[in-house]
1. Assuming R0 = 30 Å, can you tell me the calculated FRET efficiency for the pair residue 96 and residue 257, based on Cβ-Cβ distance, to the nearest 0.05?
2. Give me the one-decimal nm value for the distance between modelled label points at residue 103 and residue 298, 7 Å along each residue's Cα-to-Cβ direction.
3. Are there any trypsin sites (Lys or Arg not before Pro) in the range 78-125 that are in a DSSP loop and have at most 15 other Cβ atoms within 10 Å? List them by number.
4. With each run of n ≥ 4 DSSP H residues scored as -39500 (n - 2.57), what mean residue ellipticity at 222 nm is computed for the chain after dividing by its residue count and rounding to the nearest 500 deg cm²/dmol?
5. Give me the extension gain from residue 239 to residue 289: residue separation times 0.36 nm, minus the current Cα-Cα distance, reported in nm with one decimal.
6. Out of all Cα-Cα pairs in the chain, roughly what percent, to the nearest whole number, are more than 26 Å apart?
7. Classify the range 68-253: rounded, prolate or oblate, from the alpha-carbon gyration tensor (a ≥ b ≥ c, eigenvalue square roots; a/c under 1.5 rounded; otherwise prolate if a/b is larger than b/c)?
8. May I ask for the net charge around residue 197, where only other residues with Cβ less than 14 Å from the Cβ of residue 197 are counted and Lys, Arg are +1 while Asp, Glu are -1?
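We did not get these values from a lab; they are worked out from the coordinates using the rules stated. Given the structure is predicted, the values throughout are model-derived calculations rather than measurements. Cβ coordinates were reconstructed from backbone atoms using ideal geometry, including for glycine residues, and neighbour counts include every protein chain displayed.
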Amino acid sequence: MADQPIPDAESVEPTPDGATTGEVQASRTKEPPAAHTEIAVDIANLTKVYGDLNAVDDLTLQVPRGSIYGLIGPNGAGKSTTFAVLATMLKPTSGTAKVFGADPSKDAKAVRRMMGYMPDVLGLYDGLDAASYLDFFASGYRIPRRKRKELTGSLLELVDLDGKAKTQVSQLSRGMKQRLSLARALIHDPELLILDEPASGLDPRARIELRDLIRQLAGMGKTILVSSHILSELQDLCTDVAILEAGKLRANGPTETISAGSGERVVTVIFADGARETFTAASDDEQVELLRRLIVDDGRAVLSFRSDAGLERAFMTMTEGIVQ
């Protein structure tokens, strides 16, 4: 993948999906509020009720600017509903949400200029090729035609699809479609990316490629809010996580802190003679001591020394298996 910045898209007001692809003048709407705060997303006592169901129940959390923040929880935990509120698609029943200081329910245009949203249902248009698909959405954001070719080309290169520019969307693999959807979310160079289950249905190679791309985007200064059921990958990817269940926040904070609170970790050790053994360790210091004892005291040749995903254990410890 090319490691290069996305060309600056003019900060404009997006139009509905039905916008024409003709030349459109850049919007003269005001610029979004400057993001001086170190908090990218500020959610306070957010509640969304459907009948008797509290899809999100008094949720309060803050997403640090520049972080890769993971939302973890089973189906029905409230992750997608929270994302939809932030993406200006739903209004909360009560409480507030702010994206770089702007309220999605009161200033949707400002939020949409600063936010790129990749939902769990991709909504790709099979009748278009990859380049035309991005060009269509670039026109919806009122990016002038003279700039769109360079912009779409750079985005396709960024997501490693530059060789598929003229390939019909229907002919792309699942992983390629995921990356094309991510490129679409980047079309207006947003500061915040919201990715709802971006690795869903991907094979291991495609998941690794997507994870590397998310890291690359974070390195470009973007704040990324992501949900996934693949907790081991979130542990390696995210700087911070929040665990949700039945609409309620169970825990949140730096990934290492949440993982460390899960109690004893199971350590799997593979030795040079082919033996495979498991041990338990309650802390990093105990893991270091275990490795020292195996190598120095016992004189054993260790090929692999790996503790289980503490985030998975934290999730099992902090949740009760409630299904809404």
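1. 0.70
2. Output for this residue pair reads 6.1 nm.
3. 106
4. -9000 deg cm²/dmol
5. 15.4 nm
6. I get 53 percent for the Cα pairs in the chain exceeding 26 Å.
7. Oblate shape, in that a/c is at least 1.5 and b/c is the bigger or equal ratio.
8. Neighbour charge sum, excluding residue 197 itself: +2.
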